[in-house]
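Structure, as structure tokens:
Computed from the coordinates by the stated procedures, all read-outs in this text should not be read as laboratory data. Quick caveat: nothing in here was measured; it's all calculated off a predicted structure. As a convention, Cβ positions derive from the backbone with ideal geometry for all residues, glycine included, and neighbour counts pool all protein chains shown.
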Amino acid sequence: MATKSAPLVSLQPPKDISISEIESELSQIWQSYSSTGDGAYPAATRAATFSLVVYEPEETQQLLAALGFYTGPIDGIDGPRTDSALEAAQKSFKLPVTGKSNPETVARLREEVAKKRGQAVTLDVNGSAIPQYAQDAGGSGVADAIAAANPCRILALCPMAGEDEGVTAQVSAYCPVQKQTGGSLICCEYITLRGTEAAIERIAGMLPALLIGDLPKFLWWKATPDLENSLFKRLSESCNSIIIDSSHFNDPKAELLQVQSLLESGIPISDLNWRRLAAWQELSAEAFDPPERRASIKEIDRVTLDYEKGNPTQPLMYLGWLASRLQWQPVSHQQEGGDYEIERIQFVAADGRQIEAELAAIPTADSGDIPGDLIALRLTSTNANADCCTVLCSETGGCMRMEAGGGAQSCRIQQVTPLFDQKAENLLGQQLQRWGRDRLYEESMAVTAAILKLVGG
């Protein structure tokens, strides 16, 4: 079920300006619409809720805009608009139409942008003019959905490859029409800065001034969070909350350790991938809510976790959460490998009991939108008299492997209903409703990091 966003009023489509003109240009927009004129637009006022900085090192949206397929703000936020633009580009260039970015599509977009230099009209492979992507043809964009809930200022930083020619700036403004109060629109404003990474870093000192003062400030860092990166360091010092998504980590285990080091240094981190574990955590706890099962939770000494092969951050964070709640300390790690890349982690409970966890990376023919999603888990005991066997499985993955492990007749088996808001852009909208530290996440990550240090050792 897709959530339909509000229709939009476009006050200012993306407009190229100099960096020094950003604030004056935005002020002009709001002055122009501060009162109703001839009735073409209702009065419009700028957002006064929060600022969101998006560091977007992925260039697909920028290439689509350069070719005329995408006409919305370059906000670095994937969503229906970007997907529709990708479909249109892939169809035009006779590529497999997936609506998703991939190396073949990006390479072709780069090639077409290079050919476009000096051309007034973008042509397709047959020499015909490419139709521009209609702004609302595929539904509202994700940034628009965020703005509909909380209109804000979005500052997108888009590092690009190529020669260092400084930083270019764009501003734009869009208003969700349902956010009307007394005939006024409350609107979201966008600032987009493009240039090489070195060029953007040179202007890092001025970036905090582009955030709205005395209001919450969020940084969505879509790369490896690293205090050695001067841009990340400066922005993290200026923002109330740093948002990441570990499902896209290139080196998941090493980068989870980096996240833990940031947490230990006092930087407030929110991981969208951690939010995806909520249903698994809730059902695990619920399984031991009945009075007759409460004591048996202490009998658990075997944990099996299956996940989609490719990214182990979800099972590692779940295991960190479970161990932190049950006061287990990780003591050893074994890598067995094989088709399932089996990993075994041993824990010791506070009472001296030995616990073993197994992580299995399951090859899947058709991976979902989220790399490394949990597929199934089993909590059980070597004590045959303990009533603690619990099996949870996704609707897509099923419980076959967990049931084949034995003891299924005495297990409590439940399916985890897939969340329709698991995509990063939707979780981001929820995360922007809160800021500050998440103690449960931090306690769980401390144990996850302890496990990973055993792997390193």
Pop a pseudo-label 7 angstrom from the Cα along the beta-carbon direction at both ALA43 and ASN383 and give the gap in nm to one decimal. 6.9 nm
Apply 1/(1 + (r/R0)^6) to the Cβ-Cβ distance of GLU163 and ASP339, taking R0 = 51 Å, and write down the FRET efficiency to the nearest 0.05. 0.65
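Mind ranking 275-287, 314-326, 18-30 by how tightly packed they are, going by the mean number of other C-beta atoms within 10 angstrom, highest first?
Working: 275-287: 17.5, 314-326: 23.2, 18-30: 14.7.
The densest-packed peptide leads the list: 314-326, 275-287, 18-30.
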How do the peptides 347-360, 84-97 rank, highest first, by the average count of neighbouring beta carbon atoms within 10 Å per residue? 84-97, 347-360
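Need the full-extension length gain, GLU21 to GLU264, defined as separation in residues times 0.36 nm minus the C-alpha distance. One decimal, nm. Please list the in-between numbers first.
Numbers: separation 243, 0.36 × 243 = 87.48 nm, distance 3.92 nm.
Extra length from GLU21 to GLU264 when fully extended: 83.6 nm.
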Can you compute 3J(HN,Hα) from phi for each residue in the stretch 349-356, using the Karplus curve 6.51 cos²θ - 1.76 cosθ + 1.60 with θ = phi - 60°, rounded to whole Hz and x for Gly and Pro? 7, 4, 8, x, 5, 9, 10, 10
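Would you work out the relative contact order for the stretch 245-315, in percent, from Cα pairs under 8 angstrom that are 6 or more residues apart? Spell out each step's value before the answer.
Details: 36 pairs, mean separation 30.5, N = 71.
Once divided by the residue count of the stretch 245-315, the mean separation gives 43 percent.
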Karplus ³J(HN,Hα) for the stretch 18-27 (6.51 cos²θ - 1.76 cosθ + 1.60, θ = phi - 60°; Hz, whole; x = Gly/Pro) runs 7, 4, 5, 9, 4, 5, 5, 5, 5, 4
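Could you work out how much longer the chain between ASP289 and SER410 gets when fully extended? Use 0.36 nm per residue separation minus the Cα distance between them, nm to one decimal. Spell out each step's value before the answer.
Details: separation 121, 0.36 × 121 = 43.56 nm, distance 1.71 nm.
Extra length available between ASP289 and SER410 comes to 41.9 nm.
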Going down the list LYS15/LYS222; LYS298/LYS423; LYS91/LYS116; LYS15/LYS116; LYS15/LYS217; LYS217/LYS453, which pairs span over 27 Å between their C-alpha atoms? LYS298/LYS423; LYS217/LYS453
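Mind giving me the FRET efficiency for VAL348 and GLN31? R0 is 60 Å, r the Cβ-Cβ distance, nearest 0.05 is fine. Let's see the in-between values first.
Values: r = 66 Å, r/R0 = 1.10.
It comes out at approximately 0.35.
Which order do the peptides 44-55, 335-346 come out in when sorted by mean C-beta neighbours inside 10 angstrom, highest first?
On the way: 44-55: 20.9, 335-346: 14.3.
My ranking of the peptides, most packed first, is 44-55, 335-346.
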Return the long-range amide H neighbours of ILE375 (sequence gap of 5 or more, or a different chain), with a cut-off of under 5 Å between placed amide H atoms. ASP306, TYR307, GLU308
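Work out the FRET efficiency for GLU228 and ARG202 from their Cβ-Cβ distance, taking R0 = 25 Å, and round it to the nearest 0.05. Could the numbers behind the result be given before it?
Working: r = 17 Å, r/R0 = 0.69.
In this case the efficiency is close to 0.90.
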What residues have an amide H closer than 5 Å to that of PHE69, excluding those fewer than 5 places away on the same chain, when H is modeled at 1.01 Å from N in the peptide plane? TYR133
Taking amide H positions as placed 1.01 Å from N in the peptide plane, with prolines and chain starts having none, which residues 5 or more places from ASP245, or on another chain, fall under 5 Å of its amide H? LEU272
Phi-based couplings in Hz for the stretch 329-339 (Karplus 6.51, -1.76, 1.60; Gly and Pro marked x): 10, x, 10, 7, 9, 10, 10, 8, x, x, 4
